[in-house]
Amino acid sequence: MNDMNEKKYAEETLAAVKRCIEKELTHLKLRRENILEERKYFSDYFNELKEDEKKDLLDNELLDTNAYVYSLQLLARLGKQLKEPYFAGFVFEEDAAETEAERYYLSIHTLRDPETGAILTTDWRAPIASLYYESEPGAASFTAPAGRITGTLRNKRRYVFQDGTLVSYSDIGMPSDDEVLCEALRRNTDTHMKTILQTLQKEQYKIVRDYIEGVSVIQGCAGSGKSSIALHKAAYVLYTFRDRLKDSAMTILSPNSIFSEYISSVLPDLGEENVERILPEDVIRDVLKDVEGYRFTDRLTQQELICTEAEESAGCKRLASFKATMRFREYVTEYIGFLRGNIFQPEDLYLDEELGTKVEAEALKELFYSQYSDLPIMSRTAAIAKQIGERYAIRSQETLEKLRLELNYMMVSLSVPALYRMMYVQYPEIADYAPAQDSWEDGCAVAILYLALYEPETAGRKFYLIADEAQDFTPIFLELLSRAYKGANMLFVGDVNQKVFGNEGNYEEDIRKIIRRRPFRTYRLDTNYRSTKQIAEYGARYLRTGAAIRCVREGEPPTELKADTPEHAGAEAKNYILQMVQKGYRNIAVICRSAAEASLLERAIGLEYSVSSKINFRVLPLYLAKGLEYDCAALWDIPDELMYTACTRAMHELLIIKKG
C-alpha cells in the first residue's frame, strides 16, 4: 500500500470512528431518557404497583443502566481512537484461503464500520494479532479457535499518529527492531506509565498470552517491563474471559498509593476500566472490617520508623525481622491447628439447676469437635444451643440466648486479637516478640486467624489477582493472600535483587510453598529496557548475585559526588536538577532513605517555583520510589544493598551523592 492509500485508509478509519461516536452518543441519550422515565414511573405509581411489577421495573432499569455504562466505556475507547486509530498493521495470506491476502490494522479494540459492519481495526489481543508480535515476514502461523492457521506474512508496519493525523509509518521485521525500540526508549518519561503496544517484545508478548490458570511469577530485572507486561496481561484476561468475569473479578495489588497512581492509566488506555486496585493494607482491612476498633501499623509507617534513627527504631526492626520469616508464619499456622482442638473448654451446662437437668461437658465436647466440625469454629456454639433447644423443647428465645452465651463463655476467647496475643503464651520461646502495638505483620496474622475461625466465603470471589513488587512480600502476607483469595488465579511480579523491606528468603520459593494452587510457572526477563547501559552496569556493581543484565542503549556515565550534610547534598542536587532541565528533561527525582530525610532534603534544595512548576519533580524515600522511573535521578546516602534498586530508577542520567 503506497503513501496515498495509507493516508486515505487513515482518514476513512478516523471518519468511521467519528460516525461510531455519533451513533453511540444517540444511544447514550436514549438510554438516559429511558432510565429517567422508568425512575419517574416507579416513583409516581409506587403505591399502586404490584410487587412483581416493581421487580420488572427495577430489572429493566438495571439493564438500561448497564447499557448506559457500556456506552460510556465504548465512547472512552473511541475517544482514544480519535487520536490514534491504530498503531500497527500487516498483510497475511492464508494457505487455505481462496481470496487475496488481507490487510489487518491493530488497535486497542476491534472497530467496525457502523454502516457496513466491516472490520476496520482488530483488537491487539485477538489471536491473529500474534503475527505482528511473534513472527517475521515470511511463512507464519497463528492459533485461532478453529485451529492452527498457516500462511505468509507480508509487509509489517508501524504507524505514528499525532492527534488523529497519520504522520509516518515504517516497515519493520519485529517490534524489537533496534531503530523502533530505541526511538521509543529515548523518549522522556511521564508521570504515568504508558502502554507498550507498539514495542511489546516477543518474550513479553508470550507472557501476556500464556496460560492464566494457577500461579505465575514474573522474575524480571529492573526496567524489564515486568509491571507493564502484567497490566497488559490483565487487559488480555479481561478480553479473553469477558463473558465469565463479574464486576471487579480482577484485582491489581500495588505496593503503595504512589505506584498505584503511576500505573493507573495503563488499563484505561488499553480500553479496560472494570478493575479493582488495592494496597496490601486493604487486604487486612477488608478481612477485619467487622472487628471493631482493631488497629495496626501500616507497612510504610513501619518502614519509615525502621529507616530513621529514632530510639524505637532498633526494637521495631528486631520484631519486623523475625515476623518477616517463614518461621513466624509456621508458628501462626501451627497455632491455628492448636485452637481447632482447644479453643472450646466445655463444662456441664445446667438447663434447670433445681431439677439437675444438664448437658454434660463430654457431650458438649463431642458436639463441638465432632458433630459440628464442618461448621466454622465461631459458628458452632450457636448451632449447639439450637440443637439443645430442639432436644429439650425450649421455646423461649431468652432462654436460648442465655444458653448460647453460656456456651460462648466456654470459649477461650471470642476476640481474634486477644486470641492472637495468647499465641505468645502458648509458645514461650517467642514471648519476646509479643507486640505492644500491632505491627503490619501482626495485622496479617490476626487477619489469618479471623479467616481460619470465621471462614467467610472467599473462594470464587476473585478470578485473577496481579500482585506487583512481590519480592517484598513476607511469608505471613503470602499466607494471608492464599486464604483471602482462595481459588483465584494469581500473577506475582518481582525482582529478587530489589528487596527494600528487608525480608529474608527467596520470594519465588515462598510463593510456591505457601500458595499451593497449581500449575505453578516462572518467567524470567533479563533485559533492562529502561536505563542506559552505563546506569545499569553501575547499579549492577552492588549486586551480590552477579546476575547478567542486558541493556539495549548507550548513554552518559553516572556522576559521583560527596557531601557531608543534607544541606550540602541539597545544593549539589539543585545544581544537577537545573542542568537536567537545561537538557530538556522534565521528570526528575531525588531519592534518599526515609520520608523524614526527604522532607529535610527538599527544603535544602529549595527549587524555585519558576522551575518546579514546569517539571515533574519529587524528593522521596526509596521504599516509595521502587517500581517508578524518571528521566534522571539524584541519589543521596543510599546503603550499598539498596543501590541497585535506586540507580535503576533513572532512564537517561544519574547522580550519586555519597556521604562523606
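None of the figures in this text is laboratory data; all of them are computed from the coordinates on show. Just so you know, these numbers come straight off a predicted model, no measurement behind them. Cβ atoms come from the backbone with ideal geometry, glycine included; neighbour counts cover every protein chain shown.
For the Cα atoms of the chain, what angle does the longest principal axis make with the long axis of helix 226-240, in degrees from 0 to 90, nearest 10? Helix 226-240 and the main axis of the chain meet at about 80 degrees.
Note on Lys659 and Ala361: their simple-model spin labels are 6.0 nm apart, each label 7 Å out from Cα toward Cβ. Packing order of peptides 550-560, 496-506, highest average first: 496-506, 550-560 (average count of other Cβ atoms within 10 Å over each peptide's residues).
Taking 7 Å steps out from each Cα toward its Cβ at Thr559 and Leu75 produces label points 5.0 nm apart. Basic side chains Lys and Arg get +1 at the Cβ, acidic Asp and Glu get -1 at the Cβ, and with that the dipole of the chain about its Cα centre reaches some 1300 debye.
Relative contact order, whole percent, for the chain stands at 13, derived from Cα pairs under 8 Å and 6 or more residues apart.
Restrict the search to region 232-297; then list the GluC sites (Glu not before Pro) that DSSP places in a loop and that have at most 10 other Cβ atoms within 10 Å of their Cβ. Could the numbers behind the result be given before it?
Working: sites: Glu261, Glu272, Glu273, Glu276, Glu281, Glu292; in loops: Glu272, Glu273, Glu292.
In loop regions of region 232-297 (DSSP not H, G, I, E or B), the sparsely surrounded GluC sites (Glu not before Pro) are Glu292.
Placing +1 on the Cβ of every Lys and Arg and -1 on the Cβ of every Asp and Glu, with no other charges, gives region 214-334 a dipole of roughly 480 debye about its Cα centre.
Give me the percent of DSSP beta bridges within the chain that run antiparallel, rounded to the nearest 5. Don't jump to the answer; show the numbers that get you there.
Details: 30 of 77 bridges.
Looking only at bridges with both residues in the chain, the antiparallel portion is about 40 percent.
Between Lys54 and Ser370, the FRET efficiency from the beta-carbon distance, with R0 = 60 Å, is close to 0.80. Sequentially through region 515-524, phi angles give Karplus couplings (6.51, -1.76, 1.60; θ = phi - 60°) of 9, 8, 5, 10, x, 10, 9, 10, 10, 10 Hz, Gly and Pro residues having no value and appearing as x.
Taking neighbour counts of Cβ atoms within 10 Å as a proxy for exposure, in what order, fewest first, do Asp352, Asp298, Asp282 appear?
Numbers: Asp352 9, Asp298 18, Asp282 14.
Result, fewest neighbours first: Asp352, Asp282, Asp298.
Note: relative contact order over region 557-659, using C-alpha pairs below 8 Å and six or more positions apart, is 38 percent. Placing unit charges on the Cβ atoms of the charged side chains and taking the dipole of the chain about its Cα centre, the candidate lying farthest along the positive direction among Pro114, Ile638, Ala436 is Ile638. For a 31 Å ceiling on Cα separation, which of these pairs sit above it: Lys83/Lys233; Lys226/Lys486; Lys323/Lys486; Lys323/Lys402; Lys562/Lys614; Lys202/Lys658? Over 31 Å Cα-Cα: Lys323/Lys402; Lys202/Lys658.
Pull out a ≥ b ≥ c, the square roots of the eigenvalues of the alpha-carbon gyration tensor of region 3-186, then state rounded if a/c is under 1.5, prolate if not and a/b is larger than b/c, and oblate in the remaining case.
Numbers: a/c = 3.01, a/b = 2.21, b/c = 1.36.
Note, shape of region 3-186 comes out prolate.
Measure nothing but the geometry: give the 0 to 90° angle between the long axis through the Cα atoms of 397-409 and the longest principal axis through the Cα atoms of the chain, rounded to 10°. It works out to around 80 degrees. Say the dipole of the chain comes from +1 at the beta carbon of Lys and Arg and -1 at that of Asp and Glu; which of Gly487, Leu36, Ser396 then lies farthest toward its positive end? Most positive-ward Cα: Gly487.
Judged by the mean number of other Cβ atoms found within 10 Å, the most tightly packed of the peptides 585-596, 626-637, 412-423 leads the ranking 626-637, 585-596, 412-423.
Decide, for the chain, between rounded, prolate and oblate: order the square roots of the alpha carbon gyration tensor eigenvalues as a ≥ b ≥ c, take rounded if a/c falls under 1.5, and otherwise choose prolate if a/b is larger than b/c, else oblate. Note, shape of the chain comes out oblate. Put +1 on the Cβ of every Lys and Arg and -1 on every Asp and Glu Cβ in the chain; which of Gln201, Ile591, Trp124 then has its Cα farthest towards the positive end of the dipole? The listed residue farthest towards the positive side: Gln201. Could you state the angle between the C-alpha long axis of helix 326-342 and the longest principal axis of the C-alpha atoms of the chain, as a value from 0 to 90 degrees rounded to the nearest 10? In the chain, helix 326-342 runs at an angle near 30 degrees to the longest axis. The overall shape of region 557-659 is rounded: from the C-alpha gyration tensor, with semi-axes ordered a ≥ b ≥ c, the ratio a/c is less than 1.5.
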